[in-house]
Amino acid sequence: MAIVHEVNSRIKEPKIPRFSVGYMDLSADPREDFYRYSVGEWIRANQVPADKALWTAFDELYEWNLHLLRRILEDSAEEPAPEPGSPKRLVGDLYKSAMNTERIEKLGFEPIQNELHRIEATVSGKDLARCIAELHCAGVHAFFTAYSQADKKNSSIYAFYLEQGGLSLPDREYYLADSFKEARDAYRGHVARIFTLAGETEEESKRLAELVLSLETDLAKTSRARADLRDEEKNYNRIAASDLAKFASMNLPAYLEALGVPPAEYFIIGQPEFFTALEKLLSERPIEHLRTYLRWHVLHEFAPHLHSSVEGEDFDFFQRRLLGKQEPEARWKRAARTVDGLVGEALGKLYVEKHFPSEARQRVALLIEDIRAVFRERLGCLPWMTEATRQQALAKFDRFRVKIGHPERFRDYSSVVIDPGDYVGNIHRAAAFEARRQASRVGQPVDRTEWYMTPPTVNAYFSPTENEIVFPAGILQPPYFDVTLDDAVNYASIGAVIGHEITHGYDDQGRRFDAEGNLRDWWTPDDEREFQTRARAVAALYNSQEPLPGVHVNGELTLGENIADFGGVSIAYEAFQRRLAQEPAKHQMIDGLTPEQRFFIAWAQIWRGNIREQELRRRLTIDPHSPNQYRGTLPAINHPAFDLAFSPSTGERARETQHLAVW
């Protein structure tokens, strides 16, 4: 596979993205523009690369991780093939299939002909239900979304969830809001061009594009807004298996059988009104319309993995038009993302063996204990919480678990057939493996050892049903965790991220889950009111931020992440101060900055970033996270210690701030 080495040998090795005072703009007043003060020089020197929609500290670290993964993938692809089904053989063959552009060009649309023929053979409701199931197995999420996870009200058992979906554009607002009319018009043209590439005449392609947009608009009209999807109770609706028959046109029993879901007493429907409307749509729309919609979704889903003309058209609309990217990423990077997305624990096993020493896990574990101690003490003495609720909150915290680095047992993908000459077939089979794996476990006990992120992932998460926080190996590197730097930097970066994830267990969504990970109301009415008063203040602060003219942050959509940011900084700062008290020799100036100043600057630096306007607009519509400039600024400048760290000059009036840490 010489082409793999030839392509990748030209890639420049990225630098390790550490904390640096060189990123600061010392001409800025930290009390007036703390973000520019902390990262202004980095922002000036790091414009968004042509193949990116944004460029942040996360992206810098992920580029470094891609560099590490590239070597693993190259070695796995080029070395003599080990035994079939081994992690090295799986990732090597999948990577080879993704990089074999000559083969991909030669095949054209042939890799998706089975799906297209299956759609054309669909003539009845039962046919449609089975066809949708087969497409869902292939990774084509048409009409709605389905998956299994722990039952939110009985977290020890897997349940099967049915939720709204079926849209190609990023959100319902892209179909309904006047501000996205230009995007809709461009989308209509894109769909038509894809159908033309697939063999339709230009006139027929335009007609088919209108059908697709019309049907997806109907789905959008009955879809809930993003902020409404954050209401856990409202989006948990059990339906008895015997009641599935009322969705006659959807024929859900046939769908579930084809997907491989075992018989169950009940299922969970997230948005009942969506499925009622979908039932009506399926019964009233001609089958030809439904087949056109399904054809489009097959073409859309696989377009990034097909020959260059289709791949290029897909990039021009979904990446260039919607996100503002100027050029595609290098193919090897896209291939690495695909491998990680499909067989991520096989790739992760190889990654951990090479790049995650056990000492890193041990050092992070100690830091986590410092953060946990602070949070538990706060729960024990929070002045606005009554004793009845406090005892339940403490009971939940005592059951809280932490996972660091990687799973103890990696997933076995040996049953997945990976053919180095069949890229799309590999995607199909790997997606089917995951869909069947999820479907078959419905009704079974929850596997508490499972991870929902792969080891190389640069991120972390809190799982409410497992009552645990998880830190993949990928994020336990600079700038988030750096063994070469002082405590101020590490407590402000990985420490605050740890505090952020812990706080998620008690944000506006997480607080609704109890010690067992079950969704139930364990709050007294008085405590509920006290919490909501504080949460509304956080939402109001972020609602007042205007990153684009006339476009504000959605404080309700981003509420959970904003509460977690405030909590993360507040908890990490207190833990850091305790560490300094225990080791007073560490309280010294570094680079002309006090430890406290370095703490707040380091927090801002992990949120350094530049973003294209199109991507910012998209994220303001769909993302539960606030833009980076507000994440890096608001929790810091509103902390009571900020004015002590960056004290006002003589005669300067004190700033008006709000200490909004709910916890």
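Tabulated data
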| quantity | calculated |
| --- | --- |
| Any hit, the range 288-303, residues being outside any helix (DSSP H, G or I) and either on the phi < 0 side of the Ramachandran plot or touching a His at 6+ places or on another chain (Cβ under 9 Å) (or both) | no |
| Residues of the range 623-638 that turn out to be touching a Lys or Arg at 6+ places or on another chain (Cβ under 8 Å) and part of a helix (DSSP H, G or I), as a count | 3 |
| Unique residue being closer than 30 Å to residue 331 by Cβ, in contact (Cβ under 8 Å) with a residue 24 or more places away in the chain, in a helix (DSSP H, G or I) and out of contact with any Pro (no Cβ under 6 Å at 6 or more places or on another chain) when the list is 388, 430, 373, 395 | 430 |
| Residue identified as out of contact with any Cys (no Cβ under 7 Å at 6 or more places or on another chain), at negative phi and either part of a helix (DSSP H, G or I) or at pLDDT 95 or above (or both) among 81, 77 | 77 |
| Among the residues listed as 514, 521, 526, the single one being over 30 Å from residue 16 (Cα atoms), in the same structural domain as residue 367 (by TED's automatic domain parsing), without any contact (Cβ under 8 Å) to a residue 60 or more places away in the chain and not hydrophobic (A, V, I, L, M, F, W, C) | 521 |
| Residue within the range 347-360 that is surrounded by 21 or more Cβ atoms within 10 Å (Cβ to Cβ) and closer than 30 Å to residue 574 by Cα present | yes |
| Filter result (charged (D, E, K, R), closer than 16 Å to residue 387 by Cα and assigned to a loop (DSSP other than H, G, I, E, B)) within the range 515-552 | 521 |
| Of all residues in the range 9-61 being among the hydroxyl-bearing types (Ser, Thr, Tyr) and either assigned to a helix (DSSP H, G or I) or in contact with a Phe, Trp or Tyr (Cβ under 7 Å, 6 or more places away or on another chain) (or both), the one that is surrounded by the most Cβ atoms within 10 Å (Cβ to Cβ) | 38 |
| Within the range 1-53, tally of residues that are of a type in the set (S, T, N, Q) and at pLDDT below 95 | 2 |
| 2 or more residues within 27 Å of the chain's Cα centre (by Cα) and without any contact (Cβ under 8 Å) to a residue 40 or more places away in the chain: qualifying helices (runs of 4 or more DSSP H) within the range 171-229 | 181-197 |
| Single match in 388, 393, 432 (criterion: surrounded by fewer than 21 Cβ atoms within 10 Å (Cβ to Cβ), over 23 Å from the mean Cα position of the chain (by Cα) and of a type outside the set (S, T, N, Q)) | 388 |
| In the range 572-621, the residues that are in a helix (DSSP H, G or I), of a type in the set (A, V, I, L, M, F, W, C) and closer than 21 Å to residue 57 by Cβ | 572, 576, 599, 600, 601, 602, 603, 604, 616, 620 |
| In the range 222-248, the residues that are surrounded by fewer than 16 Cβ atoms within 10 Å (Cβ to Cβ), under 19 Å from residue 280 (Cβ atoms) and small (Gly, Ala, Ser) | 245, 248 |
| Some residue of the range 625-636 being surrounded by fewer than 18 Cβ atoms within 10 Å (Cβ to Cβ), within 18 Å of residue 551 (Cβ to Cβ) and modelled with pLDDT of 95 or more | yes |
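Condition check ((1) at pLDDT below 95; (2) over 29 Å from residue 263 (Cα atoms); (3) assigned by TED's automatic domain parsing to the domain that holds residue 291; (4) of a type outside the set (Val, Ile, Thr)) across all residues:
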site	(1), (2), (3), (4)
145	no, no, yes, no
163	no, no, yes, yes
174	no, yes, yes, yes
182	no, yes, yes, yes
186	no, yes, yes, yes
190	no, yes, yes, yes
194	no, yes, yes, no
205	no, yes, yes, yes
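The values are calculated or read from the model by the stated rules, or taken from the named source; none is laboratory data. Everything numeric in this text was worked out from a predicted model, so none of it was measured. Reconstructed Cβ throughout: ideal geometry from the backbone, glycine too, with neighbour counts over all protein chains shown.
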